Amino acid sequence: LSNLLGAIGTMILVGFPAFASKLVLSSGAPAAAYAEPYLRYRGLSMVPALISAVGFAAYRGMLNTMTPLKVSLAANLLNVVADPLLIFGLPMLGMKGLGMVGAAIATAGAEMFSGLVYMRLLFRRKLIRWSRVLKPPKWSSLLPLLQVGAAMLARQAILNVSFVTAARCAQSMDPSGVSAAAYSIVMQIYSLGIVVQLAVQATAATLVPSAKASNGLDEARRVADRIFGWGAMIGALQGIAQIVAVPLIVPMFSTLPEVQEAAKFPALITSIIHVLNGFVFPGEGCMLGLGSIRDLALVTAGGVGVMIACLASPLGKRVEGIVLSIAAFHLVQAVAMVWHYLRVGPLRRRCSDGNAIA
């Protein structure tokens, strides 16, 4: 399935990069000259990237978190080394840089490396076979997977639409490109913290159902409570750290004073989003691990609806307004996650002898 979907994605990005770029960029945007070559080379790693996702999920299902960590560290180290070499080249050796194309090739190469490593590991553990990897899936075997994953696919599609909409608002805001550059910087800084919270999500998705299966609901609640506590603490620390670091980090991304100034306040807003994420990602992890995918999709749809409404208002005309719209999405998510966990989810506090369990 990953090969099939990855091949379709690769054909679209490599063969029709202009079509893909128009999802974010308006017609005739100057950035298209850089975006389209980037997408064409970046699309070459679609299949390996999906194989990496399958490998990560397989090892997480086996409660092995160290192997994915090692693979990720190796792939990112390769990317870190290849990026400056391919972007700027080595002038002293007569090697010219490739600019944006070099960045795309470096990232695609790192993902190909990760995909190949996971393939080797999965073959070694006899979790996959060549006869299945290269053979298109039968509809009879694909249908149950699609039925189970339909809500998850719908949720991911909703998320993609929302953040593509936000990026398009930023890209079309002003012809100078200052707003687009500021938004890009803000989201890059924000994504550094998201990586940590995704680890909290994966921890909840792995440990909570495992605790439930081995020791029952009470133990699963205790594990979930601890993960929520750690998530909240990590989110708060991330928010504080980003507030302190913003004046130092933003100049690393751009030397233009107007871009730096445009990025500072939105970057501070994302600090608050990190605090909200301290409740969002543990809740999402619990819902994923316990199979509450339909509820998760509904919660996501509600948050995205609020975000799109904000983007359609005057908030969508400013960078800080776009980031505030994203904050509104995460606020809805945070409230819904806590409410679902405490009141309606599989781990909700049930009544015993007529009294609610605190």
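Here the peptides 276-284, 161-169 are ranked by packing, the mean other Cβ count within 10 Å, and the order with the highest first is 276-284, 161-169. P(r) tail for the stretch 140-344: Cα pairs beyond 31 Å make up 24% of the total.
Measuring nothing but protein heavy atoms, the accessible surface of the stretch 1-108 at 1.4 Å probe radius is 75 percent carbon and sulfur.
Its Cα centre serving as origin, the stretch 140-344 has a Cβ charge dipole (Lys and Arg +1, Asp and Glu -1) of approximately 300 debye. Cα centroids of the stretch 92-110 and the stretch 199-247: 38 Å apart. For the stretch 24-91, the orientation-averaged shadow of the C-alpha convex hull comes to 6.6 nm² (one quarter of the hull surface). Reducing the stretch 279-335 and the stretch 1-63 to their Cα centroids gives an inter-centroid distance of 24 Å. Taking every protein chain into account, the accessible area of the chain amounts to 54 square angstrom per residue (probe 1.4 Å). The protection proxy used here, the mean number of other Cβ atoms lying within 10 Å of each residue, ranks peptides 3-12, 324-333 as follows, highest first: 324-333, 3-12. Panel note: the C-alpha atoms of the stretch 1-135, placed on their principal axes, show extents of 48, 38, 24 Å (largest first). The orientation-averaged shadow of the Cα convex hull for the chain, equal to a quarter of the hull surface, comes to 21.3 nm². About its Cα centre, the dipole of the chain is roughly 1280 debye, where the only charges are +1 on Lys and Arg Cβ and -1 on Asp and Glu Cβ.
The values are calculated or read from the model by the stated rules, or taken from the named source; none is laboratory data. Not measured: the values here are computed from a predicted model. Cβ atoms come from the backbone with ideal geometry, glycine included; neighbour counts cover every protein chain shown. All accessible areas refer to the heavy atoms of the entire protein, side chains included, with ligands and DNA or RNA removed. Shrake-Rupley method; radii C 1.70, N 1.55, O 1.52, S 1.80 Å.
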